[in-house]
Each structure stands twice: as C-alpha cells, then as structure tokens.
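*Asks:* Dropping the structure in here first, questions after.
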Amino acid sequence: MAHTHSTDVLIAGAGPVGLSAAAELRRQGVGCRLVDRLPARLPYAKAVGVQPRTLEIWDRMGLARTVLEAATPLLGQLIYVNGREQAPLDMALPPDVPYTFAALPQYETERLLEEYVAGLGTVIERGTELLSFSQDAEGVTARLRTASGVEEELRTRYLVGCDGAHSTVRKGLGLSYEGGAFPKEYMLGDVETDWELPHGYGVRSSHRAEDGSADEVLVCVPLPGPNRYRMSMTVPPELSTAANGQGPARGDRVAHGPEGGHGPELAHLQAVVDRLAPVPTRLSGLRWSSVFRISHRIVDRYADGRVFVAGDAAHIHPPTGAQGMNTGIQDACNLAWKLALVLRGETGPALLASYDAERRPVGEEVVGRTVRHATQGIAADPDDPRTLVLREAQLLVGYRGGPLAGAPYGPVDAPQPGDRAPDCAGLTVPMATYPWRLLDILRGRAGHVVLLYAADSGALAEAARTTGLPTVAVRAREAPATGAGTPGVPEYRDSAGEFARLYRPDGSTGFVVRPDGQLGARFPLDRTAPALSDYRTALSAPPV
C-alpha cells in the first residue's frame, strides 16, 4: 500500500460534471484531486447540447468565450412527419438573455474544461480508479488503484462522485437508483451529409403508423463542421442486443460508445436516412457509432455524510432537450461553492444539506419532463412556447422556498431569492465609451456579490459600508450625475434602465448574487446589515 496522502476534496470521474466541480472548487481556492479510470478522453460526441444557463455559469468562470469559439449555434428544429414538413421549433430567447443554445461534442467540452482546470493547478489523474471508500466524522478514506497498478489509500475531507451511471460512489453509499429503461433500442452516429438544409437547425423526421404511433424516428443534431451531425434512430433488428442473444441492456445503462462489435456501420445509418430524411442525402465521414437504450433513473438522496453524487451518478434520463450534462454541471457548481465556504471555515457544515434540498427536486423535474417529451413529444407539453423554451434553456431553474431562499421583497413576480439573477445590458462608467453587461461585471468574482441599487449616492455609500462582502453599486438612470461615486465600491449607472426593468427594485434595493448566479437575498437598502446577517445565518444553519 502506497503512502497515505490527503486533500480537501476527492472527485471521482473527469467528465464534464467532475471537471466543472474541480473548476469551481479551484476557482474558490479549494484544493482537490480529480481521478478518472479511463486512460484518455473518449472521442465520442455523447452529450452535445450546451444550454444558455450553462454558458452563463461558464461566463462567471471566464470560460464562455473559449466555448463559443469552438461550438456551433442551435437555432431550432425542422420537423417532418411522414415526409411532410410541420411547423418548426423556434428556439429564440428574449433579447435580455445573453447566450443562445449551442452544440459542442462532449470530448471538446471536456478538453476545454480540462485546460481550464489545469490552468488552476489541477491535472486529471488518468487511469486511476476509485475502488472503495469509508467515511467517519472527520473525513473519508478512499482506496485508489493508479495507472501503474499501485493501490493507494487517500484521506480526504469530502468525496464527490461524478462517475456516471455505473457510479462506484453511488453503489458504495447504497443509494437507490429508481426508474427503468425504454424497451426500444437506438443507434447513434457522428456523420457528415451533403444536403443543403439551413445551418444551425436540427432535424426530427418520423414515420407514423395508422394508429398515430411513431414506428421510426430520425433525429439529427448539428455539430461544428460543414454539414456534420450526430444522428440517432431506431436500431435495425440485426444490431439489436436482444436479437443477438444478449438480452435486454442493463437497466442503469445508457451506452454512448462502441458496443463490442455491434456498432452500426455507415450503411445501417444510410438505410434509415434514405427512408426518413427530408431531402435525399449521402452520408460520409463516420467518426463513431453506437447502439444504446434510454434509461430514466434518480437516486433517493444526493448526499450521505461527507459523500455526494452529481450528474449521471445521481440522475439519468432521455436525451430529449439536452438536459443531462447541463443539469449535472449545475449540480457540480451548486455543491462546489458550498463545499468551499465550509472548507474555508466561513460557515458550518449544515450548509451542505442544502445541496440535496435544492438539486434533487430539479433532477426529479428534469427526469419527469424528458420522459414525457420522449414518449409524447415536446408538442404535448402544456406550457406556452416561450415558457417551454426558457425551461429547456434551464433559465427557469430556481430554489424559491428552499432552505437558503430568504423572505421575498417587492413585487412577487420580480426576481426573488432562489431565482436566477438576470443578466442585463446598458451599465456604464465614465471611463468607458461602451456599455457593460452585468455578466461582464460579475466575471471572475468567485464568491457572493452584493448589488446595491439606488438613485442617491449617499444611500449607496451607507449601505456599502455594512455589507462585508464584495459589493457593486448600480445608480438609477434618473440619478443626477455627481461624479462622486461610492467610496471603495465599483459604481455603474443603469443608463439603459435595463437593471430596473429586469430586477424591478422597490425603490432603493439590495440583492445578493450567489456564486452559482442565483439570488440569495433581496432587501430594502436601509435594511442591508440585518438582511445580510439573516442570509449568513441561513448559510450557517439552513432551515429544514
């Protein structure tokens, strides 16, 4: 047994979720080790959709520009039934949302996150497998096997399982993973076409039987590169695992990589495309292919003591709407900033209970919605189109009524504690000849940020003296231009009135923005000190 080492957090699994956890922990100044049993990144375009909310989180890290330079836009979906064009799905968002939908192969997402984390001093320990673990009141003892075959015992204060649907961490905790799998099998392929359909649009083409059921479906998601798509379709009988005597796939499995000799060839994909594509096309450049089944499962709890699960280790669901990876990334960021506060001694470990309280309801909603969309179609969703698109973009994820959400203040339909903190444009300073967005101002700030809004510079200065947190002042558009500013606090003018329109302050109002971009508190400016004291109390001992 190798010499015992120690670290604050051990992360098992270096996919997008584990990398995001490491990125946020390192950004918050917390040390961690990141291990993955695979010797290298898998070259498969598994999760490809990047949601606008994920891009906002990455913007706070300073990563969004790099991602956008590598990605391709997702503008909507062209829909065909029995060869007839239907009304397309438009994925346009309100103009105040800073990012649209994007597509990026998972291996590229992992590469960019890996480079970001390496820049902060953490390198993935490839070929290193978590074998087992045990925990006590003071920490977790993990047993690892390194790439050289040497076993190592590691002592860590916390363990985070981002190790996928077959999670060693989840199984080690004995968590239930309730759900099931769809009976149909599908195949995936990463290919190029020669059609001339509009750039940036996905394609969904189905054949419906006389009873209205869809007996065949073709879904094409655009990828970076000329006419490149990840295509999914019903598997032909000769590639079915059941037809080949393998029996049904394991219930907790969604296979996205090559399947032991049963991956479809280009001809299998071409045969389906010939039947269902809206225009004739010839496929080429097959990069990889796979046979898979769709599962839907969720754990009974996201944490047990000092051990946590996130991403596919906690929830798995149909790929409809590209919700899985993005939900997992938000799991990771939600947990990481809380771990950082506890590890720095700024609050008590009771805060960590809020991870399950906030994120498991989100996981349950996503699993239920994606199963409904996969079985009934997105058109069966009762919400209006605008709400539907905002929810798919994950911009409606919120924690109102949760353990960290303080009392509401101001209009009930205004952004309240627990809601996403909206971005806004038109914030100006005298030294810049162009306006800033709120995301520009928050970028690179790792912890909580207090936003103070008022017309009176004196009120802003008085409130700023009592925050005890990084603070930004926003002066109302109608405020007189004194040029005095708020001593010791960055001050911006709401020159376009966008902050007032989106945040709907009730007079002079303060807001706490959490590290994950959600609102922690909203309060009248003359109650800044007691309001922030109440918020700190909630962090230290969240109510049940």
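The values are calculated or read from the model by the stated rules, or taken from the named source; none is laboratory data. It should be emphasised that the depicted structure is a prediction, and the values quoted were computed from it without experimental measurement. Glycine gets a Cβ as well: all are built from the backbone with ideal geometry, and neighbour counts include every protein chain shown. Just the protein is used for accessible areas: all its heavy atoms, side chains included, with ligands, DNA and RNA removed. Shrake-Rupley method; radii C 1.70, N 1.55, O 1.52, S 1.80 Å.
*Asks:* Can you give the FRET efficiency to the nearest 0.05 for VAL429 and ASP456, using r as the Cβ-Cβ distance and R₀ = 25 Å?
*Replies:* 0.85
*Asks:* How much area per residue is accessible in the chain when the probe is 1.4 Å and only protein heavy atoms are counted (Å²)?
*Replies:* 40 Å²
*Asks:* For a paramagnetic label modelled at 7 Å from the Cα of THR466 toward its Cβ, which residues of the stretch 495-514 fall within the zone defined by backbone nitrogen distances under 14 Å?
*Replies:* 508-511
*Asks:* Given just the C-alpha atoms of the stretch 1-142, how large is their convex hull per residue in cubic angstrom?
*Replies:* In the stretch 1-142, the Cα hull volume divided by residue count equals 176 Å³.
*Asks:* With just the Cα atoms defining each centre, how far is the stretch 187-209 from the stretch 452-516? Give it in Å.
*Replies:* Using only Cα atoms, the two centres lie 49 Å from each other.
*Asks:* Using the C-alpha gyration tensor of the stretch 92-184, what are the square roots of 5 times its eigenvalues, in whole angstrom, with the largest one first?
*Replies:* Rounded to whole Å, the semi-axes are 32, 22, 15.
*Asks:* Using a Förster radius of 30 Å, what is the FRET efficiency between THR537 and ASP413 based on their Cβ-Cβ separation? Nearest 0.05, please.
*Replies:* Efficiency at R0 = 30 Å is approximately 0.65.
*Asks:* Would you mind getting the Kirkwood hydrodynamic radius of the stretch 426-544 from its Cα pairs, rounded to one decimal in Å?
*Replies:* With all distinct Cα pairs of the stretch 426-544 included, I get 14.5 Å.
*Asks:* Same structure, new question: Report the Cα centroid-to-centroid distance between the stretch 89-126 and the stretch 270-324 in angstrom, as an integer.
*Replies:* First find each Cα centre; the distance between them is then 18 Å.
*Asks:* Right, next: Using Cα-only point scatterers and the Debye equation, what is log10 of I(q)/I(0) for the stretch 364-437 at each q in 0.21, 0.22, 0.25 Å⁻¹, rounded to two decimals?
*Replies:* Normalising to I(0) and taking log10 leaves -1.01, -1.04, -1.13.
*Asks:* With each pseudo-label sitting 7 Å past Cα toward Cβ, what's the ASP136-ARG282 distance in nm, one decimal?
*Replies:* 6.9 nm
*Asks:* What is the spread of the Cα atoms of the stretch 378-421 along each of their three principal axes, largest first, in whole Å?
*Replies:* Extents along the principal axes: 36, 20, 16 Å.
*Asks:* Continuing with this model, one more query. Run the quick spin-label model on GLU478 and GLU216: label points 7 Å from Cα toward the beta carbon, then report their separation in nm to one decimal.
*Replies:* It works out to 6.4 nm between the two label points.
*Asks:* Under the rule of at least 5 residues apart or a separate chain, name every residue whose amide H is placed under 5 Å from the amide H of GLY520.
*Replies:* Amide H neighbours of GLY520: GLY418, VAL512, VAL513, ARG514.
*Asks:* Find the Cα radius of gyration of the stretch 160-205, compare it with 2.2 N^0.38 Å by division, and give the number to two decimals.
*Replies:* Scaled against compact globular proteins, the figure is 1.97.
*Asks:* While we're on this one: Taking R0 as 56 Å, what FRET efficiency do you get between ARG501 and GLU238 from their Cβ-Cβ distance, rounded to the nearest 0.05?
*Replies:* Taking R0 as 56 Å, the efficiency between ARG501 and GLU238 is 0.45.
*Asks:* For the stretch 328-481, what ratio Rg/Rh do Cα atoms give with a Kirkwood hydrodynamic radius?
*Replies:* That ratio is 1.02, to two decimals.
*Asks:* Tell me, what is the percent relative contact order of the chain, built from C-alpha pairs under 8 Å that lie six or more residues apart?
*Replies:* RCO, the chain: 15 percent.
*Asks:* Kindly write out, for the stretch 442-449 in residue order, the coupling ³J(HN,Hα) from the Karplus curve 6.51 cos²θ - 1.76 cosθ + 1.60 (θ = phi - 60°), rounded to whole Hz, with x marking Gly and Pro.
*Replies:* 7, 4, x, 7, 7, x, 5, 10
*Asks:* Could you name the lysines whose alpha carbon sits less than 22 Å from that of LYS46, not counting residues in the same chain fewer than 8 places away?
*Replies:* Reachable lysines: LYS184.
*Asks:* Could you work out [θ]222 nm for the chain from helices alone, using -39500 (n - 2.57) per DSSP H run of at least four and dividing by all its residues? Round to the nearest 500 deg cm²/dmol.
*Replies:* Theoretical 222 nm ellipticity from helices: -8000 deg cm²/dmol.
*Asks:* Under the 0.36 nm per residue contour assumption, what length would be gained going from the current alpha-carbon distance of LEU42 and GLU69 to full extension?
*Replies:* Answer, rounded to one decimal: 7.6 nm.
*Asks:* Could I ask something else about it? Based on a Kirkwood Rh over C-alpha pairs, give the Stokes-Einstein translational diffusion coefficient of the chain at 20 °C and viscosity 1.002 mPa s in µm²/s.
*Replies:* Estimated via Stokes-Einstein, D reaches 87 µm²/s.
*Asks:* Semi-axes, largest first, in whole Å: what does sqrt of 5 times each Cα gyration tensor eigenvalue give for the stretch 275-346?
*Replies:* Listed largest to smallest, the semi-axes of the stretch 275-346 are 38, 15, 10 Å.
*Asks:* A follow-up question, please. For the chain, which whole percent of the accessible surface, found with a 1.4 angstrom probe, sits on carbon and sulfur atoms?
*Replies:* About 53 percent, which is the carbon plus sulfur part of the accessible surface.
*Asks:* For the stretch 152-158, just list the computed ³J(HN,Hα) in residue order, Karplus coefficients 6.51, -1.76 and 1.60, θ = phi - 60°, integers in Hz, with x standing in for Gly and Pro.
*Replies:* Whole-Hz 3J(HN,Hα) from phi for the stretch 152-158: 10, 9, 10, 9, 9, 7, 9.
*Asks:* Which ³J(HN,Hα) values in Hz, rounded to whole numbers, follow from the phi angles of the stretch 42-58 under the Karplus curve 6.51 cos²θ - 1.76 cosθ + 1.60, where θ = phi - 60° and Gly and Pro get x?
*Replies:* 7, x, 10, 7, 6, 6, 10, x, 10, 7, x, 5, 5, 5, 5, 5, 5
*Asks:* Counting only protein chains, not ligands or nucleic acids, how are SER240, SER540 ordered by accessible area (probe 1.4 Å), most first?
*Replies:* Descending order: SER540, SER240.
*Asks:* If you average the alpha carbon positions of the stretch 217-240 and of the stretch 355-406, how far apart do those two centres end up, in angstrom?
*Replies:* Result: 26 Å between the Cα centres.
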